[in-house]
Structure formats: C-alpha cells, structure tokens
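Worksheet: the structure to be examined is printed underneath.
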C-alpha cells in the first residue's frame with residue numbers, strides 16, 4: 001500500500017467520524033504528511049411561497065451560527081487527534097460534494113476520505129455525495145462504509 005502525504009477527511013460528526021480519522025492516520029508515513037478535516041454546512045434557506053424565490057425570513061436559520069457551531073464541533077473532534085502537525089480545520093457552507101472536491105483541488109490533496117451510506121443503485125453502495133466525489137475528485141478517494149444515521153426497525 002502506498003502512503004499519502006496530504007489527506008483530506010470529510011466529517012459529518014456521525015459516530016463514524018473517529019474511524020475515518022483513524023483510517024487517515026494509518027495512511028501516513030509516521031511523522032510525515034498533512035491532515036485536513038473538513039465539515040460542510042449543507043444549509044439552504046427555505047423559500048417563502050412557490051412563486052417567490054426569496055427566503056422565508058421566519059424560517060431561516062442564522063448561517064453564521066451554523067458555521068460557528070460546526071467550527072466548535074470540528075475543534076472538539078480535532079482535539080482527539082494526536083499527531084504533529086495538528087490537523088488543519090475547514091468549515092464551509094455549500095453543497096458537500098462540490099465543496100469537498102473544490103477543497104481537495106485547492107489543497108493539492110493526494111487522498112480524500114469520506115463515509116459512504118447510500119440508498120439506491122450505486123448511490124446505495126456509496127451514497128450520493130460519495131458517488132459524486134468519486135467521479136470528480138482530483139485524487140484518490142477512500143469511501144469507508146458507515147452505518148446509516150437513522151435505522152428504523
């Protein structure tokens with residue numbers, strides 16, 4: 001197995017986050033490489049009425065508060081990562097698949113790691129975000145199977 005020097009891990013704060021980070025740490029040569037953790041705040045404000053494309057103010061969430069909360073959560077996750085240099089942290093607002101691919105390009109990553117839990121067809125195997133990232137990523141992609149967040153029995 002080849003080792004990587006610049007790994008991006010997309011985290012969603014699910015229980016699988018820890019295993020994704022552990023997998024990334026196993027892919028580095030000891031003492032070398034750069035790890036970046038990214039969380040994408042996927043928030044689209046609700047629209048008012050069907051013929052009105054402006055957001056409904058009464059239903060809108062504070063995007064800055066969402067980003068701040070995600071930053072705090074990402075810092076808590078990173079606090080558990082014992083490595084030097086410490087991981088770089090990124091929080092972005094947007095569509096996860098687009099933002100993950102864009103950040104991997106910006107950072108010149110050679111490996112991107114994300115969880116995969118899909119619903120149908122190829123998406124059932126990987127997940128729609130994982131499928132899109134796999135198809136368009138500028139580097140190797142490791143899609144790690146993770147259990148669904150909500151399992152109804």
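The values are calculated or read from the model by the stated rules, or taken from the named source; none is laboratory data. Because the structure is predicted, anything quoted here is derived from the model rather than measured. Using ideal geometry, Cβ is built from the backbone for each residue, glycine included, and neighbour counts are taken over all protein chains shown.
Remarks
- Residue 93 meets all of the listed conditions (1) closer than 12 Å to residue 36 by Cβ; (2) modelled with pLDDT under 95; (3) touching a strand residue (DSSP E or B) at 6+ places or on another chain (Cβ under 7 Å) but one, namely (1).
Residues are listed down the side, and each one gets a yes or a no for (1) buried (at least 17 other Cβ atoms within 10 Å of the Cβ); (2) modelled with pLDDT of 85 or more; (3) touching a helix residue (DSSP H, G or I) at 6+ places or on another chain (Cβ under 9 Å):
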| site | (1), (2), (3) |
| --- | --- |
| 5 | no, yes, no |
| 12 | yes, yes, yes |
| 30 | no, no, no |
| 37 | yes, yes, yes |
| 43 | no, no, yes |
| 72 | no, yes, no |
| 75 | no, yes, no |
| 101 | yes, yes, yes |
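- Beta carbons closer than 7 Å, at least 6 apart along the sequence or on distinct chains, pair a first residue in segment 77-98 that is without any contact (Cβ under 8 Å) to a residue 12 or more places away in the chain with a second that is surrounded by 14 or more Cβ atoms within 10 Å (Cβ to Cβ) and in a helix (DSSP H, G or I) for 86/78.
- Residue within segment 46-67 that is more than 22 Å from residue 134 (Cβ to Cβ) and either touching a helix residue (DSSP H, G or I) at 6+ places or on another chain (Cβ under 7 Å) or at pLDDT 95 or above (or both) present: yes
- Top-ranked residue of segment 112-144 - restricted to ones that are outside any helix (DSSP H, G or I) and at pLDDT below 80, ranked as surrounded by the fewest Cβ atoms within 10 Å (Cβ to Cβ): 120
- In segment 14-28, residue modelled with the highest pLDDT [restricted to those that are part of a loop (DSSP other than H, G, I, E, B) and crowded, with 19+ Cβ neighbours inside 10 Å]: 27
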